[in-house]
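Q: Handing you a structure now.
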Amino acid sequence: MYQFKRLAASAAIGLWATTALAQDSITVAIQLEPPNLDPTGGAAQAIDSVLYANVFEGLTRFDADGAIIRGLAQSWDISADGTVYTFNLAAGVTFHDGTTMDAEDVKFSLDRARAEDSTNAQKGLFAGITDVTVLEPLVVQVTLDQPNGNFLFNMAWGDAVIVAPESIADIASNPIGTGPFTFTDWVQGDRLELTRNADYWGDAPALESATFRFISDPTAAFAAVMAEDVDAFIGFPAPENLPQFEADPRFQVLVGNTEGETILSTNNKMPPFDNVLVRQAVAHAIDRQAIIDGAMFGLGTPIGTHFAPHNPAYVDLLANSPHDPDRARELLAEAGFADGFTTTLKLPPPSYARRGGEIIAAQLRDVGIETEITNLEWAQWIEEVFKNKDFGLSIVSHTEPMDIGIYANPDYYFQYDNPDFQALMEELNATTDPAGRNDLLAKAQTIISEDYVNGYLFELAVATVAKVGVQGLWVNQPTAAVDLTGVSWAE
Amino acid sequence: MSRNLIIGAGLSVLFICLAALSFIWTPYDIEALDIPNKLQAPGGANLLGTDHFGRDILSMIMMGARTSIAVALVAVGIGMALGIPLGLLAAARHGSLLDELIMRGNDLVFAFPSLVIAILITAVFGASAVNAIIAIGIFNIPVFARLTRGAALPLWERDFILAARVCGKSAARISVEHILPNITNLMIVQGTIQFSLGILAEAALSYIGLGAQPPTASWGRMLADAQTLVSIAPHTALVPGFAILLMVLGLNLLGDGLRDWLDPRIRVARV
């Protein structure tokens, strides 16, 4: 027996040394580290990047192409008036701590998320829920105040995952979900480890374990991939380095789209940006292609409104704001700023913002608008720009899917307050038929484009650099997620 | 004159001239981005190539020299303007409580790693060239104060000072009229060294984004911007890197050369 073990061990080592065939673990890197591990409590995308679909599951979920597919709910019935959803949950599902997942947990999760004192970052997702009732142990009924065509979509978000009352207290440091991977260890500032959940109710993942590493510095990211310290880097931060990886036979480069509308956020309540002529002038001063080429080395699709171009409901509104510095100067003169003005441009860390900011500053200077650039770390940005609204201009990518609804919230940081738009969003929420929804979405896109609420720059692309042999990674980012369920090493 | 002095002075004058020239002329306008023309190799229309925004690197080096020199010069100025009087005062009141206070205060500032405090200052008060100047300037104060006191103390024992005191001159007048002229050489040499350290500190602060903000050109930020481009366009990092290297080398050689040249003992020995 001892002999045999040793033989097996040496065979394993031999395999390991000569080929990667036997590999069943992966090290993936992402840029930002999650501040905590509670997707139902924190707003940071990095939480979902690590945990979505891996550790936590919701009633429904996004697949790699952004379609809504079954999650813990295996089937559902929608009442004729569109207000009552009856979900049939998968059987035999347990949380990682061994407790069973049933309708009570769903009720707990949804009630917790929509509660008065809930800290959920996307409370709007649950706003229409009036009641959650447990019908049978595996059947739960959700009642809405009005039909909501987006409800199944909303339930797929990372903010709507199902958690258990037994493990909720420590969720921020010890996340217990139902997913194919269990959380093992988190060394803050360095890495987070996941292990395959042996009791997973669905198809078992190919990987035995996975390590997430957090590398925010583009140079360090380049070095880590080149040195093969990581097997894959999702959201590689330096687009200028991609051609090198493409030319290197060791690596594959996947470029996909995201839900990230990158915009020149404009403080609509701060003079002179409260004047639509000024905002329009800014829009005409911007040369999108120069920004995409200069800041993203060509990665990105120009947008003329706050909507993802790969979405079927997208309307091409680029014609509203072509690059036209003369027109911009005219508009400024018309608005009473013939001599231009000075404003602030506060930039968070990603290179689309820092580099894009320098380019936009030059383009605005060309029409007479001087900007004082301030580079902020994310925490400072959240505080100064997002919370205190102390900014003139900023650049940020809004990566939430289908987030045009933020324009209906006058308290949102860019402070756009248009009752017509708000009414339109109400109407949209009450509409379930797809054609009607698309019409309303087109209207909404047109309103914010013609109001020049923000400078619409480009749809962020996401680049993944992985070793040749890693397969099953998401190419697109329909939501912030690094879904490892289908990831494996090629034979 | 020594070779050090000539090379050092040559390099320093070269960069100062470049900086001065940038006020009236640069080959290209660095505020106008020319993105289709990005990352051009040196030679051709752009002597030192272009950066990731298609800006002319030579023009940026000239404008960056201006930023570096301005920041370092003012920072040394702050150090001298506050440090020398403090040092003179401490020497004049040697052994008093005031002397203790000044010197222990100096020790306190010395005790902190200067760059860390500079980062703190710029982080708290916002990143800008002015705050970088203040941060670097503060750390020049104890350097000059300590040097001044050290050089002034033995002078106070000398007969000509005794004579001045007998004539009834106040300590302040003696410090200004007799002590200061005798330590000027030392201050010039130290000033040159601090100047080169100031250039380095400015580059370091700009590199981590706490120095001059865009569109003001800065060597440190050029380096930071070039970081991910090293493998595809090495000149974007090499050019500002060499600019910093040559400027600091030049100032150090100049300081060395000046010390030898101005030191009466060495000069006598040479004669």
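What follows draws every value from the coordinates through simple rules; no lab data is involved. Fair warning: this is a prediction, and the values are worked out from it, not measured in the lab. Every residue, glycine as well, gets a Cβ built from its backbone with ideal geometry; the counts of neighbours run over all protein chains shown.
Condition check ((1) away from chain B (no Cβ under 14 Å); (2) in contact with a His (Cβ under 9 Å, 6 or more places away or on another chain)) across all residues:
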position	(1), (2)
A:Ser173	yes, no
A:Ile176	yes, yes
A:Gly189	yes, no
A:Ser216	no, no
A:Glu228	yes, no
A:Phe245	no, no
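Q: Inspect all residues belonging to the stretch B:109-126 and state whether any of them is among the small types (Gly, Ala, Ser), in contact with a strand residue (DSSP E or B) (Cβ under 9 Å, 6 or more places away or on another chain) and part of a loop (DSSP other than H, G, I, E, B). Walk me through it before giving the result.
A: Our first condition is that a residue be among the small types (Gly, Ala, Ser); within the stretch B:109-126, this holds for B:111, B:114, B:118, B:123, B:126.
From the residues that got through so far, the ones that are in contact with a strand residue (DSSP E or B) (Cβ under 9 Å, 6 or more places away or on another chain) too are B:126.
Next, from what is left, pick out any that are part of a loop (DSSP other than H, G, I, E, B): B:126.
Within the stretch B:109-126, one or more residues are among the small types (Gly, Ala, Ser), in contact with a strand residue (DSSP E or B) (Cβ under 9 Å, 6 or more places away or on another chain) and part of a loop (DSSP other than H, G, I, E, B).
Q: When A:Gln380 is evaluated against the numbered criteria (1) more than 13 Å from chain B (Cβ to nearest Cβ); (2) farther than 25 Å from A:Pro302 by Cα, which criterion, by number, is the only one it fails?
A: Every condition holds for A:Gln380 apart from (1).
Q: List pairs: first in the stretch B:1-12 and aliphatic (A, V, I, L, M), second surrounded by fewer than 15 Cβ atoms within 10 Å (Cβ to Cβ), Cβ under 9 Å, 6+ apart or cross-chain?
A: Every condition considered, the pairs that remain are B:Ala9/B:Met1; B:Leu11/B:Leu246.
Q: Of everything in the stretch A:279-303, what is more than 11 Å from chain B (Cβ to nearest Cβ) and either of a type in the set (S, T, N, Q) or closer than 18 Å to A:Pro325 by Cβ (or both)? Give them in sequence order.
A: A:Arg279, A:Gln280, A:Ala281, A:Val282, A:Ala283, A:His284, A:Ala285, A:Ile286, A:Arg288, A:Thr301, A:Pro302
Q: If you check B:Met80 against the conditions, is it within 14 Å of chain A (Cβ to nearest Cβ), in a helix (DSSP H, G or I) and surrounded by 20 or more Cβ atoms within 10 Å (Cβ to Cβ)?
A: No; evaluated as a whole, the condition is false for this residue.
Q: Right, next: Here is a check on your reading of the model: is B:Asp29 under 20 Å from B:Leu245 (Cβ atoms) and within 14 Å of another protein chain (Cβ to nearest Cβ)?
A: Details: under 20 Å from B:Leu245 (Cβ atoms): no; within 14 Å of another protein chain (Cβ to nearest Cβ): yes.
Considered against the rule, which asks whether it is under 20 Å from B:Leu245 (Cβ atoms) and within 14 Å of another protein chain (Cβ to nearest Cβ), B:Asp29 comes out as no.
Q: Can we say B:Ala75 is closer than 24 Å to B:Val189 by Cα, away from every other protein chain (no Cβ under 14 Å), crowded, with 22+ Cβ neighbours inside 10 Å and in contact (Cβ under 8 Å) with a residue 12 or more places away in the chain? Write out each step before concluding.
A: Details: closer than 24 Å to B:Val189 by Cα: yes; away from every other protein chain (no Cβ under 14 Å): yes; crowded, with 22+ Cβ neighbours inside 10 Å: yes; in contact (Cβ under 8 Å) with a residue 12 or more places away in the chain: yes.
It is true that B:Ala75 is closer than 24 Å to B:Val189 by Cα, away from every other protein chain (no Cβ under 14 Å), crowded, with 22+ Cβ neighbours inside 10 Å and in contact (Cβ under 8 Å) with a residue 12 or more places away in the chain.
Q: Looking for whichever is in contact with a Lys or Arg (Cβ under 9 Å, 6 or more places away or on another chain), within 30 Å of B:Ile208 (Cα to Cα) and among the β-branched types (Val, Ile, Thr) here; the options are A:Thr211, A:Thr182. Which one fits?
A: Values: A:Thr182 fails: within 30 Å of B:Ile208 (Cα to Cα).
When all the criteria are applied, what remains is A:Thr211.
Q: While we're looking at this one, here's another question. Quick check on the stretch B:128-143. Is at least one of its residues in contact with a helix residue (DSSP H, G or I) (Cβ under 7 Å, 6 or more places away or on another chain) and surrounded by fewer than 13 Cβ atoms within 10 Å (Cβ to Cβ)?
A: No, the stretch B:128-143 contains no residue that is in contact with a helix residue (DSSP H, G or I) (Cβ under 7 Å, 6 or more places away or on another chain) and surrounded by fewer than 13 Cβ atoms within 10 Å (Cβ to Cβ).
Q: Right, here's the next one. When you scan the stretch B:78-125, how many residues do you find that are closer than 25 Å to B:Ile179 by Cα, of a type in the set (S, T, N, Q) and in contact (Cβ under 8 Å) with a residue 24 or more places away in the chain?
A: Qualifying residue count, the stretch B:78-125: 1.
Q: Can you tell me which residue in the stretch A:141-185 is nearest to A:Ala430 (Cα to Cα), limited to those that are out of contact with any Asp or Glu (no Cβ under 8 Å at 6 or more places or on another chain) and surrounded by fewer than 16 Cβ atoms within 10 Å (Cβ to Cβ)?
A: A:Gln146
Q: Are there any helices (runs of 4 or more DSSP H) wholly within the stretch B:185-271 with 1 or more residues that are surrounded by 17 or more Cβ atoms within 10 Å (Cβ to Cβ), and if so which?
A: Details: elements: B:219-226, B:235-262, B:264-270.
It comes to B:219-226, B:235-262.
Q: Of the conditions (1) in contact with a Lys or Arg (Cβ under 6 Å, 6 or more places away or on another chain); (2) touching a residue at least 40 places away in the same chain (Cβ under 8 Å), B:Gly54 fails just one. Which one is it?
A: (2)
Q: From (1) away from every other protein chain (no Cβ under 14 Å); (2) out of contact with any Ser or Thr (no Cβ under 7 Å at 6 or more places or on another chain); (3) not aromatic (Phe, Trp, Tyr), pick out the condition that doesn't hold for A:Arg354.
A: Of everything listed in (1) away from every other protein chain (no Cβ under 14 Å); (2) out of contact with any Ser or Thr (no Cβ under 7 Å at 6 or more places or on another chain); (3) not aromatic (Phe, Trp, Tyr), A:Arg354 misses just condition (1).
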